[in-house]
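Before any comments, here is the structure.
The values are calculated or read from the model by the stated rules, or taken from the named source; none is laboratory data. As the structure is a computational prediction, the values presented were derived from the model and not from experiment. Heads up, the Cβs are rebuilt from the backbone with ideal geometry, glycines too, and the neighbour counts pull from every protein chain shown.
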Amino acid sequence: MVDVAQIKPENLNLSKEEIYKKDQRARLAKYLIGEKDAMGYTISKIYARGDEHVIYEVKEASAIESLKVIIDTEIETNGEPINNFQKVKDKFDKLKSVMYKSGSDASYKQRAASALVTGIMGNIAESKSLFEGIEADALEEYKNKIYGRLFYLLGAVILTVIFVFISLGVYFFRHADIIKNNTQFAYIMYSVTFACFGGFFSVSLKAKEVFTQRALGYWMFAVYGAERLIISIIAGIAAYTLVSSGLLFSAFQNNSSNIFPVLVLCFVSGFSETLIPNSLNKLEKKT
């Protein structure tokens, strides 16, 4: 029996079922962005909301556990939505793992929420099919990212290897007359090679940041990697020229007995995209 004294005045004329439904709506209405959920997490985004469910994302949980589901039925004894959720939960958990490993964006969470709603509403087969499709797309996109990064590195590797072999040839044949009579060419090739080393080091560190688009062929990413190396080559030549002219980097003044300080500067100029531009800006102001 329900104690009449515990019933709020506004609920006196309502049945037990109506009171429960009213409280249920009030509970779900509290799930708003910026508010706390039942477990104390802060809600950061809501992907789906229905009369008996809310699918949302929280801030404090780890990336793989940030997507949450709350099911609160309008009829207290109605366990069908929860049973439906349990039937697709394994697919949902697997998809969360795939999204976490592949670093998928928020659009996949939105699609996962839609698939969950389909399952909660009772269409189990379609829900599982949707989860499988989302998982396949996430894995395909992840594969594209990996290949894009590899080809990006490949473009940088090709140019680096070319100049390494050229520099080795210049070094091994340094006693040939053509090299003796063109010592500046040898120094420039060494400088360019070390600038390539710096550029390749930079490309390797930033490869994970490469954004892969399906519309682009993988070889386009090789072109992007080579383009980054060309910038490093130009920076290395500029660094060597500035040192040789004495206009900048006088501490690295080149001499035939010790070229290594210049090579270090060329490596740094190839690695940093701002060193030479900033130096040229200072030279411009000084001029």
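If you check Gly155 against the conditions, is it outside any helix (DSSP H, G or I) and not polar (S, T, N, Q)? Explain how you work it out, then say what you get.
Details: outside any helix (DSSP H, G or I): no; not polar (S, T, N, Q): yes.
Considered against the rule, which asks whether it is outside any helix (DSSP H, G or I) and not polar (S, T, N, Q), Gly155 comes out as no.
Among the residues of the range 26-42, how many are assigned to a helix (DSSP H, G or I) and either surrounded by 14 or more Cβ atoms within 10 Å (Cβ to Cβ) or without any contact (Cβ under 8 Å) to a residue 40 or more places away in the chain (or both)?
Going through the range 26-42, the residues assigned to a helix (DSSP H, G or I) turn out to be 26-29.
Now restrict to residues that are either surrounded by 14 or more Cβ atoms within 10 Å (Cβ to Cβ) or without any contact (Cβ under 8 Å) to a residue 40 or more places away in the chain (or both): 26, 28-29.
Here the count works out to 3.
Tell me, which residue of the range 100-123 that is within 13 Å of Leu139 (Cβ to Cβ) and at pLDDT below 90 is surrounded by the most Cβ atoms within 10 Å (Cβ to Cβ)? Reasoning before the result, please.
The first filter runs over the range 100-123 and keeps only residues within 13 Å of Leu139 (Cβ to Cβ), leaving 100-104, 108.
Next, only the ones that are at pLDDT below 90 stay: 100-104.
Numbers: Tyr100: 15, Lys101: 12, Ser102: 19, Gly103: 12, Ser104: 22.
Selected residue: Ser104.
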Practice problem: Mind listing whichever residues of the range 150-185 are crowded, with 18+ Cβ neighbours inside 10 Å and free of Cβ contacts under 8 Å to residues at least 40 places away in the same chain? | Solution: Ser167, Val170
